[in-house]
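To start, the structure itself, in structure tokens.
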Amino acid sequence: MRYDFYWERFQQRQSRRKSRSETIMKLLSALHEKGEMFASELAEVIHDRSNEIYPRLKRWIEAGFVKVRKNIPFDTRNIYGLSEKWYELFEEKGTEAVLKKAEQTLGRELTEEEKEVLTFFCTHKQYIERDSMDKSIVDTICALMKWKIPSYKVEQILHTFINHGIIFAYRPRRGLILKVRLDRKYLTLLDR
């Protein structure tokens, strides 16, 4: 008899949890579709009171996925919206994202050699330095890539990527490139 009582309470608690997560998903999807919304508008979505919106979204606000601001010049109502952290969850990551962004930057599709060079830079996140003063940076890159691509093509690709800000080149006084790496904005795509 006592067992039935606890089982019923457990089932009630589980149904509440399920309805709670469904409610949160309704709120988040409404924010995703419409952007920013007042608490009263969100309350209409879940058929509840507007003063229940903040407690329901509190965990998401503290985690940084939902942002809240006041509509101060006009009134003090809360305006809810999804933060950049939320949208970052759905962005592409890794080498594919770098290749895609490079294509957008160049305004064209990358050739197979360009993809191979860029993939090489994605795997070597740190600076690639010249081996010696006798070798150029192009020779160093070709040697690390096991001479898959001729050095004159690597040089052309490297200059294109440097001119478009895809690859950062460290050049001291004389203009000789001593070391290269992916530009910072492309490295952030890899770190996510």
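Tabulated results
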item: Proximal lysines to K135, defined as alpha-carbon separation beneath 29 angstrom and excluding residues fewer than eight positions away on the same chain; result: K115, K125, K146, K148, K153, K179, K185
item: Relative contact order (%) - criterion: Cα under 8 Å, at least six apart; region: the stretch 106-192; result: 30
item: Total formal charge among the other residues, if their Cβ is under 11 angstrom from that of I128, Lys/Arg +1 and Asp/Glu -1; result: +2
item: Reported label for calculated log10 I(q)/I(0) by the Debye sum over Cα atoms at q = 0.15, 0.17, 0.18 Å⁻¹ given (i) -0.98, -1.19, -1.29; (ii) -0.88, -1.02, -1.10; (iii) -0.89, -1.13, -1.26; result: (ii)
item: Exposure proxy order (Cβ contacts within 10 Å, fewest to most) of V138, V154, V45; result: V45, V138, V154
item: Order of M133, M37 - criterion: other Cβ atoms within 10 Å of each residue's Cβ, fewest first; result: M133, M37
item: Formal net charge of residues neighbouring D48 (Cβ-Cβ distance under 11 Å; K, R +1; D, E -1); result: +1
item: Principal axis box of the stretch 66-165, alpha-carbon based, largest edge first, Å; result: 69, 29, 22
item: For the chain, with +1 on Lys and Arg beta carbons and -1 on Asp and Glu, the positive-most of S151, P73, L28 along the dipole; result: P73
item: Relative compactness, the stretch 36-100, computed as alpha-carbon Rg over 2.2 N^0.38 Å; result: 1.42
item: Sorted by Cβ density within 10 Å, fewest first, the residues Y186, Y170; result: Y170, Y186
item: Measure of compaction for the stretch 114-192 (Cα Rg per 2.2 N^0.38 Å); result: 1.03
item: Cross-link reach list, lysines versus K85, counting only Cα pairs under 16 Å and skipping chain neighbours closer than eight places; result: K58, K67, K93
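Just so you know, all these numbers are worked out from the coordinates, no wet-lab data involved. Quick caveat, the model's predicted, so the values are computed rather than measured. Here Cβ is always computed from backbone atoms with ideal geometry, including for glycine, and neighbour counts include all displayed protein chains.
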